[in-house]
Amino acid sequence: MERWQRALSESIASLSELARYIPIDPKLLGPVVARYPLRITRYYLSLIRERDDPIGRQCIPDRCELEQDDLSIDPLNEGGLTPVPGLIHRYPDRAVLLVSSVCPTLCRFCTRKNRTGEDGSLINQNSLEAALEYIERRPAIRDVILSGGDPLLLTDNELEKILIRLRKIPHLEILRLHTRAPVTLPDRITSRLCRILKRYHPLYVNTQFNHPLEITPESTKSCAMLADAGIPLGNQTVLLKGVNDDPGMMKQLMQKLLTIRVRPYYIHQMDLVKGTGHFRTPVQKGLTIMAGLRGHTSGMATPSYVIDLPGGKGKVALLPEDVRRQGQTFFLRNYLGEITEYADSKEE
Ligand SMILES: *Cc1c(COP(=O)(O)O)cnc(C)c1O
Ligand code: SF4
């Protein structure tokens, strides 16, 4: 067993175990975990200072997850954009391949929290082959994103098999790998993994740092190893109420990411996913954060603020000056030129 596999097997997956470290009431949270499983790596747990701090809020189960909301289990219609199991194809030139249904630490705000582990969502040998054949038959696809769950929970050999197969498809120009392992399980970034990944360039890694406290000596080292393997690193921050919905702190996060060679790519507005309403901020908050970045720090530290439109209409980038709104309703133009009305949540 490799070191990271041991670390993973020692991660916290029950409330009784979590209660040994964090003051929680396992009885009260039992129904939450029955619905949405718990998993926290010991490393990520070690970053928590208080239960409700920005790290704790991301991974400790909360009663709010069971609140009756009118939110969807699949707001982005990923199910409807799935031509073969494990593949999401929304845009003509790029597709997402879901190669794993588990993550080292389960984020309470996860967009796919209602669907991971669900029948058909997990790719197996047969459906992987079908997904690869689908990509093979579509020369318009030039960019494949390995996602999940976390693709880095595959073993090196499993991952390399997929990369070999993808690289045999001549029209695939770039590969992307979306992983939170540098943030929640930095041990996963081994020199062997980096040696493998660098054989399949151009390969990009996008990770997800949500708070400056996640930039530690360990996560810094994992990013340095990837960057030294020639992998351009990007970051997709999720805008989360009570975690990072503060312009000053967000600026600090973006600037610190550049110091560890990670380029801020997106700030995501929370998707309208069932069980995550307590993390949602008004769109105005994101616009204020962008106004605090643009021109106030380098363009390198300024990502795009994006909303993934409900119904699978695609991501749109928002700038404070070009947003059309009427009261609580935004009118957003997507990549097809369609205008979608988007209802903002109420101001706090
Ligand atoms: C976000 C997303 C992509 C990638 O979009 P980029 O803006 O190119 O990063 C591709 N497919 C789906 C379904 C997505 O949600
Ligand atoms: S790392 Fe991503 S896929 Fe995994 S639980 Fe967190 S948000 Fe969801």
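The values are calculated or read from the model by the stated rules, or taken from the named source; none is laboratory data. Bear in mind the structure is a predicted one, so any value in this text is a computation, not a measurement. Here the Cβ positions follow ideal geometry from the backbone for every residue, glycine too, while neighbour counts run over all protein chains shown. For the accessible areas, the whole protein counts, side chains as well, though only heavy atoms, and no ligand, DNA or RNA atoms are used. Shrake-Rupley method; radii C 1.70, N 1.55, O 1.52, S 1.80 Å.
What to note about this one:
- Selected residue (only one of GLU67, GLU129 is modelled with pLDDT under 95, more than 16 Å from ligand 1 (Cβ to nearest atom) and under 29 Å from GLU214 (Cβ atoms)): GLU67
- Filter result for ASN235 (within 16 Å of ligand 1 (Cβ to nearest atom) and of a type in the set (S, T, N, Q)): yes
- Unmet requirement for ILE307, which otherwise passes all of (1) hydrophobic (A, V, I, L, M, F, W, C); (2) free of Cβ contacts under 8 Å to residues at least 40 places away in the same chain; (3) in a helix (DSSP H, G or I): (3)
- Residue satisfying condition, being modelled with pLDDT of 95 or more and within 16 Å of ligand 1 (Cβ to nearest atom), within set ARG137, ARG180: ARG180
- Among the numbered conditions (1) more than 14 Å from ligand 2 (Cβ to nearest atom); (2) at pLDDT 95 or above; (3) closer than 26 Å to ARG188 by Cβ; (4) not β-branched (Val, Ile, Thr), the only one that TYR91 does not meet is (3).
- Qualifying residue in the stretch 141-157 (condition: open to solvent by 40 Å² or more (accessible area, probe 1.4 Å), among the hydroxyl-bearing types (Ser, Thr, Tyr) and either within 16 Å of ligand 2 (Cβ to nearest atom) or within 18 Å of the chain's Cα centre (by Cα) (or both)): no
- Residues being open to solvent by 20 Å² or more (accessible area, probe 1.4 Å), within 20 Å of SER100 (Cβ to Cβ) and within 16 Å of ligand 1 (Cβ to nearest atom) are represented in the stretch 187-205 by at least one member.
- Only listed residue being assigned to a helix (DSSP H, G or I) and not aromatic (Phe, Trp, Tyr), chosen from MET249, MET270: MET249
- Selection within the stretch 257-293 - of a type in the set (S, T, N, Q) and touching a strand residue (DSSP E or B) at 6+ places or on another chain (Cβ under 8 Å): GLN269
- Qualifying residue in the stretch 39-54 (condition: of a type in the set (A, V, I, L, M, F, W, C), more than 16 Å from SER11 (Cα to Cα) and either more than 16 Å from ligand 1 (Cβ to nearest atom) or touching a helix residue (DSSP H, G or I) at 6+ places or on another chain (Cβ under 8 Å) (or both)): no
- Residue that is away from ligand 2 (no atom under 16 Å from the Cβ), out of contact with any strand residue (DSSP E or B) (no Cβ under 6 Å at 6 or more places or on another chain) and either touching a residue at least 40 places away in the same chain (Cβ under 8 Å) or farther than 25 Å from GLU78 by Cβ (or both), where the choices are MET300, MET254: MET300
- Positions within the stretch 206-236 being among the acidic types (Asp, Glu) and open to solvent by less than 20 Å² (accessible area, probe 1.4 Å), in sequence order: GLU214
- Residue list for the stretch 272-307, filter: within 15 Å of ligand 1 (Cβ to nearest atom), modelled with pLDDT of 95 or more and open to solvent by 20 Å² or more (accessible area, probe 1.4 Å): SER304
- In summary, strands (runs of 3 or more DSSP E) completely within the stretch 159-241 and bearing 3 or more residues that are within 15 Å of ligand 2 (Cβ to nearest atom) and touching a helix residue (DSSP H, G or I) at 6+ places or on another chain (Cβ under 9 Å) occur at 233-238.
- Residues being away from ligand 1 (no atom under 16 Å from the Cβ), among the charged types (D, E, K, R) and closer than 15 Å to VAL238 by Cα are entirely absent from the stretch 324-347.
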